[in-house]
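Q: Following this message is one structure expressed as structure tokens.
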Amino acid sequence: MRRRGYHPVRLAMYDWPEVRRETANLERVLHDALTDALGLEADDLVPWPEEISEADIWCQQGVLLTQTCGYPLTHALKGKVRLLGAPHYSADGCEGPRYCSHLIVQTDSPFEHLRDLKDRRAAFNGPDSQSGMNTFRHAVARIAGGKAFFSEVTRSGGHLASMRMVAEGIAEVASIDAVCWGLACQEIPELTEQLRPIAQTAPASGLPFITSMQFSPMEADLIAETVKTVLSSPETAKSRERLGIRGFSKLTLDDYDGILLMEQEAEALGYPALA
């Protein structure tokens, strides 16, 4: 019996309004290639609900292909999804399937190093973010001496919101995913001209592509190979150029151990929470 109930490809992590057309085109080509490779037909698929959060997308049993963050992959989603790999991005701070974050401040601020932000105000996008929280915590832990470092830490809800908080002076520093920073520099220069990076965090494996556990390991391998082909094909070249995608690497969960090590190192240094 043929399986049914799969959802279309959805790549929501960097799906800003400015690049919606390019993201939609990449989703379409990936979707067509994957349904063909897996032998799925139109009535095997069901549309996504109109209102659904990224976290709910990740957890759907019928997800065909989506993108998550490395921190949920190693925590809340552990054992609940199949890892495929990660795209290669062209943004500064990315190398192959790995990326880092930029610590950003206002352009005209006096800060030159992270240590200069002692007792200042920080923003972060969310507690389950590798790029906005975990790697930020790891960087601060090395200089905090096991004590609170900032006078105030505010959850913004997203990288763009964190950037705007710093630009508006509500916060004085934030840790921004290198891909988000690159996209913002390209698409929203009026915002990034008010900001500048002062440092890069330690790198980690990039935002992973995942699929449903309903697919067997062999099918997941087929999905990963199909994704790799699409992310290097002439058909997607124009969209990938705008999105900054240069290719794809198949990865294993061991490749994400660095995320856990960052967390463990921060805890060992007496700095278990961004503070």
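We did not get these values from a lab; they are worked out from the coordinates using the rules stated. Not measured: the values here are computed from a predicted model. With ideal geometry, Cβ positions are generated from the backbone for all residues, glycine too; neighbour counts draw on all protein chains shown.
Q: Check which residues have an amide H placed less than 5 Å from Val153's amide H, if you skip close sequence neighbours.
A: Long-range HN contacts for Val153: Ala122.
Q: Check which residues have an amide H placed less than 5 Å from Ser129's amide H, if you skip close sequence neighbours.
A: Excluding prolines and chain starts, which carry no amide H, the hits are Asn134.
Q: Does segment 10-91 come out rounded, prolate or oblate, given a ≥ b ≥ c as the square roots of the eigenvalues of its C-alpha gyration tensor, rounded meaning a/c under 1.5 and, failing that, prolate meaning a/b above b/c?
A: Because its axes are fairly even, with a/c under 1.5, segment 10-91 counts as rounded.
Q: In whole angstrom, and with the biggest value first, how far do the Cα coordinates of the chain range along each principal axis?
A: 62, 39, 33
Q: Among all the lysines, which ones have a C-alpha under 26 Å from Lys78's C-alpha, if same-chain residues fewer than 8 places away are not counted?
A: Partners within reach: Lys228, Lys250.
Q: Can you pull out the trypsin sites (Lys or Arg not before Pro) in segment 48-87 that DSSP calls coil and that have at most 15 other Cβ atoms within 10 Å?
A: Loop-located and lightly packed - Lys78, Lys80.
Q: Pop a pseudo-label 7 angstrom from the Cα along the beta-carbon direction at both Ser90 and Leu191 and give the gap in nm to one decimal.
A: Each label point is offset 7 Å from its Cα along the Cβ direction, giving 2.1 nm.
Q: I've got another one for you. Using the Karplus curve 6.51 cos²θ - 1.76 cosθ + 1.60 with θ = phi - 60°, what ³J(HN,Hα) values do you get for each residue of segment 102-118, in whole Hz, with x for Gly and Pro?
A: Residue by residue, segment 102-118 yields 9, 8, 10, 9, 5, 4, 9, 6, x, 6, 10, 9, 4, 4, 5, 8, 4 Hz.
Q: Here's another thing I want to ask about it. For segment 42-172, what number results from the quotient of the Cα radius of gyration and 2.2 N^0.38 Å?
A: Relative to the 2.2 N^0.38 Å estimate, segment 42-172 comes out at 1.26.
Q: Additional query: Using only DSSP helix segments of four residues or longer, with each worth -39500 (n - 2.57), what per-residue ellipticity at 222 nm results for the chain after dividing by its residue count and rounding to 500?
A: -10000 deg cm²/dmol
Q: Taking R0 as 25 Å, what FRET efficiency do you get between Lys147 and Ile198 from their Cβ-Cβ distance, rounded to the nearest 0.05?
A: 0.70
Q: Taking H placed 1.01 Å from N in the peptide plane, check which residues at least 5 places from Ala12 or on another chain put their amide H under 5 Å from its amide H.
A: Amide H to amide H, under 5 Å and 5 or more residues apart or across chains, Ala12 pairs with Gln67.
Q: Going by alpha carbons, how many degrees (0 to 90, nearest 10) lie between the helix axis of 257-268 and the longest principal axis of the chain?
A: Between the helix axis and the principal axis of the chain, the angle is about 30 degrees.
Q: On to the next question. What list of ³J(HN,Hα) values in whole Hz, one per residue of segment 12-19 in order, does the Karplus curve 6.51 cos²θ - 1.76 cosθ + 1.60 (θ = phi - 60°) give from phi, with Gly and Pro shown as x?
A: Those phi angles translate into 9, 4, 10, 8, 7, x, 5, 10 Hz.
Q: Could you go through segment 176-190 in sequence order and give the Karplus-derived ³J(HN,Hα) for each residue, using 6.51 cos²θ - 1.76 cosθ + 1.60 with θ = phi - 60°, rounded to whole Hz, and x for Gly and Pro?
A: Ordered by residue, 3J(HN,Hα) equals 10, 2, 4, 5, 4, 4, x, 5, 5, 4, 7, 9, 10, x, 5 Hz.
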